Structures are given as C-alpha cells and as structure tokens.
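Before any comments, here is the structure.
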C-alpha cells in the first residue's frame with residue numbers, strides 16, 4: 001500500500017515534469033502566459049509529490065518492510081532507527097530518489113520567486129529544471145525503482161517486481177543485508193545531503209544562463225538573479241567536501257583525509273568550476289566583461305554535476321565512495337552529451353551578442369588577475385578530469401591495439417591507475433600560485449593598476465610576512481617547499497587582515513569604536529568581507545594541508561603487552577586487547593594503548609577493528625588524540641588471536657591537520673556572511689563616506 | 001592579531017616538529033621492517049580493493065601482498081624492482097602512477113600542454129589588450145574602494 005503510494009507519487013511527478021516542459025515551450029512559442037503559468041504550477045506540484053514518495057520510502061525503511069527490495073538491500077533488524085532513515089541515501093535507488101526530491105525542492109523555491117521582471121526567462125528556466133528532474137525521475141521509474149517488491153514463483157524462484165505476477169506469492173526475507181558499514185558514521189548522515197544540495201543547487205544558475213542564451217539577453221540579469229543561488233550551491237558543495245574529508249579521516253583508516261579517489265574528484269570538479277565562476281561573475285557585474293566565459297563556466301559546472309553523479313552511480317569507476325552500481329551509465333552519458341552539445345550550440349548562436357562591453361586595459365588590473373585565477377582553476381580541473389578518465393581511456397584503447405596489431409604495444413588495453421602522487425605533484429604548483437594570487441588580487445584596482453600602486457598597497461603585509469619567514473628559518477625549518485608555502489600563507493593572511501584593519505580604521509573616523517566599526521564594516525559589505533573571511537578559511541585549510549602533507553610521520557610495529565613503539569616525540573605502549581560483540585551485529589576487537597609524549601604519560605587511546613557479520617566487512621577505526629598542534633592517529637593492524645599477547649599497530653603523527661577542519665568552519669562562516677541577504681538599502685546621501693557607500697555596496 | 005600569533009606559533013611548532021626525527025627501536029625493526037615494506041606498498045594498489053593503497057588496505061589478500069613485498073626486499077630487490085615485479089605479474093594497474101611509456105605519456109603530457117596553451121593564449125590576449133589605446137589610468141572604479149582610500153588619506 002505504502003509502496004504503491006510512493007510509486008504513483010513518483011509517476012505523477014514524472015508526468016508533470018514532462019507536461020511542464022511541453023507547456024512552457026508551447027506557452028513561450030505562442031506568447032501565452034497562461035500556459036507558462038500552468039507549467040510553473042506543474043513544476044511546483046512535483047515537490048509535494050516527491051515528498052510523498054520520499055516519505056513513503058522512509059516509512060518502509062523505518063518499519064523494516066523487507067517485502068520491498070530496497071529495504072532488504074540497505075537495512076536490517078540490528079540497525080538503529082536513525083540509520084534506517086538515513087539508509088534513504090545509502091543505496092542506488094534511494095539516493096537517486098533523494099537527489100530528485102532535493103532537485104524538486106530547489107525548483108519549488110525558484111518557482112515561488114517574483115517573476116514579474118523576468119517573464120521572458122521564466123519558461124526556459126522551467127524547461128531546464130523540469131527536464132533535469134524528468135531525466136532523474138525516468139532513471140528511478142525505469143531503471144532504479146526503490147518500490148519494487150519481492151515475489152516468489154511456484155518453483156521457488158524469487159524476483160523483484162512492482163506488482164504481483166500471476167501465480168506468484170509475496171516473498172518477505174527474515175532480515176535485510178544492512179547498510180554498508182562505511183556508511184554507518186555520523187559524518188555520512190550529513191555528508192551526502194550536503195553534497196547533493198550543492199549539486200542540485202547549481203542547476204538553478206545553469207537554468208537561468210540557458211534562459212538568457214535562448215532569449216538573447218546579453219545583460220547580467222541572470223547573474224544578479226542567481227548570485228545567491230550560486231553561493232548556496234557552493235556553500236553546500238564545500239560543506240559536503242569538508243564533511244566527506246572528515247568522514248574519510250575517521251572511517252577509512254588510511255591516516256589521511258583526501259585520497260584523490262575518483263569519486264572525491266568527481267565532487268571536487270564542479271567545485272573548481274563553481275569557484276572560478278564565483279570570481280569571474282564579479283568581472284561581468286563590475287565591468288561587463290567575460291560574458292562568454294561565464295556562460296561556459298556555468299555550463300561546465302552543470303555538466304560536471306551530472307558527470308559526478310554519473311561517476312558515482314554508474315559503476316564505471318571503482319572507488320571507496322561508490323556505493324552503488326548499475327546499468328544507468330549509458331543514460332547518464334547520453335544526457336551529459338546532449339546537454340553539453342545543446343548548451344554549446346546556444347552559446348555559439350549568441351556569441352556575437354555576448355561580446356565584452358569594454359576591453360582589458362592593464363596586466364595588473366583586478367580583472368586580469370581574476371582571469372589568471374580562472375586559468376589556474378581550469379588547469380587544476382584539466383589535471384583532475386584527465387586523471388579520472390585516463391584509466392577508462394587506457395582500458396578502452398585496447399580496441400585500437402586489437403584492430404591495428406602494429407599499434408598494440410601503444411594501445412595495450414591495460415587499465416592504468418592514476419594515484420595521489422600524480423595529482424599532488426601536478427596540482428601543487430597551481431595551488432601555490434592560486435594562494436599567492438589570493439593575496440595580490442584584492443589589493444589590485446579594477447580597470448587599471450600598476451606595479452607601483454600594487455606595491456604601495458602590499459608593502460606593509462609583505463614586510464611583516466618576511467618576519468614570519470625569518471621565524472620559520474630561525475625555528476629550524478629547512479624544507480624549501482614548506483618554507484615557501486607557509487610564507488605564502490602568512491603573506492595572504494596578513495594582506496587579508498590588513499584589508500579588514502584599513503576598512504575598520506576608515507570607519508572610526510566617523511566616531512565609531514574600532515570593534516563597532518569592524519562589525520558594521522562586515523555587516524554592510526557582506527559580499528566583500530565575507531569573501532575575505534572565506535580567504536582566511538582557505539589559508540587555515542592550506543596550513544593544515546601543508547602540515548599533514550609535508551610533515552606527516554608514520555611507523556608500524558608489533559608490540560608485546562607492555563612494549564613501546566616510538567615516533568617523533570611520541571611513543572605508544574600496548575596495554576591490552578578485548579574482543580566483544582555488540583547488539584548491532586559487530587564483532588569488535590578493541591586495543592588499549594597508552595600514549596606518551598617525551599616519555600610523559602599523555603592519554604589512553606582505543607583503536608579497534610569492527611567486523612560486521614551481515615556484510616562480512618571489517619572497519620578499522622583509529623584511536624585519535626587531536627590538538628591544534630597535531631594528531632596522534634593509531635590503527636590496529638593485526639593481533640595475536642586468543643592470547644592477544646602481541647598486536648601490530650600503525651601510528652601516524654599528523655601535524656596541524658585540525659587546521660583543515662578549523663579552516664572549514666571559517667570558510668563556511670565566510671560563505672554564510674557573503675550570501676546573507678542585505679538589509680533594505682538606505683536612501684543614497686549626497687555626501688556619503690565609506691559608511692554611505694558601504695550601505696549601498 | 002590573535003590569529004596572527006596563532007599562525008606564527010603553529011608555524012614555529014611545525015618547524016620544531018620537522019627537526020625531530022623518528023626513532024626506530026626494536027618493535028619497529030625486522031629485516032625488512034614494516035616501515036620499509038609500507039614505503040614500497042604505499043605506491044601499489046591491488047586490483048580488487050578500489051583505490052586503497054596497499055600499505056593501508058586491511059584485506060587478507062593485501063596482507064599477503066605485503067608479505068610478498070617483504071620477501072622480495074629480503075631477497076635484495078630494490079624498490080623499483082619490486083614495482084616491476086608486481087607490474088609484470090598483475091599488470092600496470094597495480095602501480096600508483098602509470099609508467100611513462102606508450103599511451104601513458106598522455107597522462108603526463110596532455111594537462112601541461114593544455115595549461116601552457118591556455119596560458120599562452122591568455123598572455124597574448126593580455127598583451128594585445130594592453131597595447132590597445134586606452135584612456136584608462138591607474139585608479140579604481142569601485143566606489144567603495146575609492147571612498148575608502150579617500151577617507152584613509154584624510155585621516156593621515
């Protein structure tokens with residue numbers, strides 16, 4: 001009954017999405033607003049319908065209705081209620097439904113906005129959002145239906161179908177398979193929704209961009225309308241990436257937070273183009289330039305969102321994060337190809353009307369530096385994209401080798417692996433350049449800037465940064481890469497703080513207390529200073545990355561009870577190991593390890609290995625002692641069965657890794673500040689100072 | 001200023017960390033030691049465990065491979081010889097980066113070629129734009145920044 005309800009809600013939402021596309025196109029062509037309004041109503045209605053579908057599936061999951069195939073695949077009696085509910089996005093079919101529901105929620109919110117000023121864009125925004133939704137709903141209905149139920153034939157054969165086949169009886173397994181152990185982590189409850197929200201929210205700026213292309217509007221209206229939507233998408237995508245990193249650090253047991261896994265990169269690529277877009281749109285708003293480029297960036301971002309979903313959902317790439325595999329790959333591939341081709345054709349059609357209103361006039365102007373920033377982001381994207389697809393290319397190339405034997409030694413068809421070394425060494429210099437640019441660009445002026453004006457603006461933070469450099473060298477740091485990277489971080493940090501100080505100081509001239517001036521400065525220039533806060537977050541993250549990437553230490557050893565193992569200033573002592581079962585179906589082997597620093601007792605840690613009976617999978621959960629200075633991260637690798645007289649541990653010291661999470665908080669806070677709605681603007685005063693302009697900024 | 005002090009302190013701490021080498025007493029010893037095996041295993045991937053480096057993979061098959069690495073190192077194999085051995089046995093997919101030969105050259109050549117090409121194009125256009133006659137003077141058409149500069153000048 002509930003499964004039927006969910007399925008029919010899905011089906012009606014799909015039909016409505018198709019109707020919305022047709023009605024909006026018809027209304028736009030005939031110039032009949034009532035058809036467009038009808039399409040809009042249909043799009044709005046898809047949200048409550050998909051809410052019913054999602055709620056139905058959650059109900060089935062929560063009540064462990066094993067008659068439903070999806071419920072059997074992702075839940076079990078031993079799972080607590082919160083995990084049964086979050087199993088909604090724990091498997092292929094459920095996560096696609098969840099994706100569609102979020103998409104419908106965003107479409108719903110967009111449809112409820114005031115359209116009076118954008119009547120010409122409205123039908124095309126409806127067509128783009130509704131067609132994306134229809135595509136996902138088609139995948140769910142025809143390939144990955146989460147409401148399929150088990151049936152048993154007379155011969156005992158069990159299969160899944162929506163409705164009872166003739167002669168078959170309902171089949172209800174005694175228990176389910178349970179959720180993948182890797183997904184039974186608090187981070188996994190929040191991480192996928194954040195990432196999905198980031199993904200689907202980027203559909204909104206894309207829809208407006210396509211609408212602007214179709215209608216031939218060359219102004220920056222579409223950018224102004226979608227600025228906050230883009231920031232929200234970017235905020236959630238960033239949050240998803242940060243939470244995913246934390247989950248990997250806590251659960252995957254490799255001592256790190258980012259493994260350059262294809263699925264990680266798939267989520268990272270739209271972030272790269274989205275970040276480039278966020279910077280680049282400022283130039284169009286301020287100077288009327290880069291209109292083609294912004295269109296291209298938003299098209300790329302949308303296609304990368306679908307590509308990312310395709311990579312994680314199609315099973316074309318194996319990954320530690322790919323929790324679902326199925327035959328929907330070709331559908332995705334076709335959709336991406338079609339979207340990309342149509343978007344580029346539209347851009348090509350409007351190429352002439354999107355010409356820049358002015359030309360670039362200075363190599364050091366802010367717009368030039370933003371262009372370099374975009375080039376660097378795109379460079380990182382190219383490296384990431386190529387690294388992700390090359391294994392597929394190398395394998396597929398075997399066909400050429402087989403067809404032309406003379407080329408068989410080149411096109412071997414052997415699948416290649418592109419691991420972290422490639423990405424780290426290839427993107428490292430580009431990241432450093434981006435970081436440095438983050439310190440210079442805010443000080444450069446729009447339109448024209450010279451080396452002299454730039455030098456005058458940055459000499460003070462530069463001079464102080466040299467003191468930091470001297471401090472690093474006097475402190476004994478000799479690794480050139482680390483010294484350079486940390487100096488860049490210090491310089492950019494000082495530039496950003498200096499910008500805050502200058503702004504607040506200007507306001508104190510109007511009789512405001514410094515802290516009051518600081519508060520109002522940020523409150524009334526949210527976009528500018530929110531951006532600077534984001535930059536501070538990035539610097540903190542960079543310091544954390546430098547710490548763990550360049551100074552991580554690790555060792556492994558087998559310890560008898562009471563024996564110690566040393567790493568840097570830390571040592572660990574194996575005390576005991578206990579084995580016990582838990583009510584949620586785990587066999588836990590938990591070691592007790594004493595940690596010492598410079599020979600003094602510091603704390604006790606409990607690294608463990610959880611073995612899940614249902615899925616026959618083991619998880620290595622680290623024992624972790626975290627401070628801002630470093631993390632001591634201990635893994636239980638092996639142990640002597642029964643007697644537990646000895647155990648093997650892997651020990652990492654991860655310097656400054658917590659700065660990544662701290663930076664993440666600052667980063668998210670900055671994005672919230674930048675995207676927070678401005679208060680109603682005051683009437684412009686004739687002799688406004690920084691206060692007045694700030695209020696209007 | 002507090003953040004500045006924190007950054008400085010952390011950087012100095014880091015400098016101190018960098019100066020303290022790891023000690024390798026008996027628990028971490030052996031011939032070869034687990035650390036030596038892991039240093040080699042770090043750059044190998046078994047075909048079954050998706051994108052998990054061999055040094056941290058917890059499966060029995062990967063533990064067996066690590067044992068094999070230890071045997072090879074004990075026999076006097078160099079790191080490169082171990083990689084060659086595994087690549088010959090199981091294919092190039094076990095290596096963390098593709099060896100630079102045949103089609104694999106594309107991994108190393110394509111991204112720099114694209115980035116350099118884009119940089120050259122950008123550089124050429126920037127020079128062209130700059131060479132174009134323009135009335136632009138060093139300044140700022142961002143109203144907020146202009147006012148900020150004026151007010152700071154007035155306070156000096």
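Observations on the model:
- Residue check for residue A:540: within 26 Å of residue A:278 (Cβ to Cβ), within 30 Å of the chain's Cα centre (by Cα) and free of Cβ contacts under 8 Å to residues at least 60 places away in the same chain: no
- Of all residues in region A:109-162, those being in contact (Cβ under 8 Å) with a residue 60 or more places away in the chain and within 21 Å of residue A:72 (Cα to Cα) number 13.
- Options A:483, A:495: the member that is surrounded by fewer than 21 Cβ atoms within 10 Å (Cβ to Cβ) and assigned to a helix (DSSP H, G or I): A:483
- Unique residue being surrounded by fewer than 20 Cβ atoms within 10 Å (Cβ to Cβ) and facing chain B (nearest Cβ under 9 Å) when the list is A:468, A:474: A:474
- Residue in region A:437-453 that is facing chain B (nearest Cβ under 9 Å), modelled with pLDDT of 95 or more and closer than 30 Å to residue A:286 by Cβ present: no
- Among the helices (runs of 4 or more DSSP H) confined to region A:352-460, the ones with at least 1 residues that are touching a residue at least 40 places away in the same chain (Cβ under 8 Å) are located at A:366-396, A:420-440.
- Conditions (1) outside any helix (DSSP H, G or I); (2) under 21 Å from residue B:55 (Cβ atoms); (3) within 11 Å of chain B (Cβ to nearest Cβ); (4) within 27 Å of the chain's Cα centre (by Cα): number failed by residue A:550: (1)
- Positions within region A:139-149 being buried (at least 21 other Cβ atoms within 10 Å of the Cβ), assigned to a loop (DSSP other than H, G, I, E, B) and touching a strand residue (DSSP E or B) at 6+ places or on another chain (Cβ under 9 Å), in sequence order: A:145, A:146, A:147
- Across region A:114-133, not a single residue is classified as in a strand (DSSP E or B) and in contact with a helix residue (DSSP H, G or I) (Cβ under 9 Å, 6 or more places away or on another chain).
- Test: residue in region A:358-370 that is at the interface with another protein chain (Cβ under 10 Å from one of its Cβ atoms) and out of contact with any helix residue (DSSP H, G or I) (no Cβ under 8 Å at 6 or more places or on another chain): yes
- At least 3 residues being out of contact with any strand residue (DSSP E or B) (no Cβ under 9 Å at 6 or more places or on another chain) and at pLDDT 90 or above is the threshold, and among the helices (runs of 4 or more DSSP H) wholly inside region B:1-116 those reaching it are B:34-41, B:60-74, B:79-90.
- For residue A:570, the conditions (1) within 8 Å of chain B (Cβ to nearest Cβ); (2) out of contact with any helix residue (DSSP H, G or I) (no Cβ under 8 Å at 6 or more places or on another chain) are fulfilled apart from (1).
- The set of residues from region B:44-54 being within 8 Å of another protein chain (Cβ to nearest Cβ) and closer than 19 Å to residue B:84 by Cα comprises B:45, B:53.
- Residue A:651, sole failed condition from (1) assigned to a strand (DSSP E or B); (2) not assigned by TED's automatic domain parsing to the domain that holds residue A:586: (2)
The values are calculated or read from the model by the stated rules, or taken from the named source; none is laboratory data. In this text, all values refer to a predicted model and were calculated from it rather than measured experimentally. Here the Cβ is made from the backbone with ideal geometry for all residues, glycine too, and neighbour counts use every protein chain on show.
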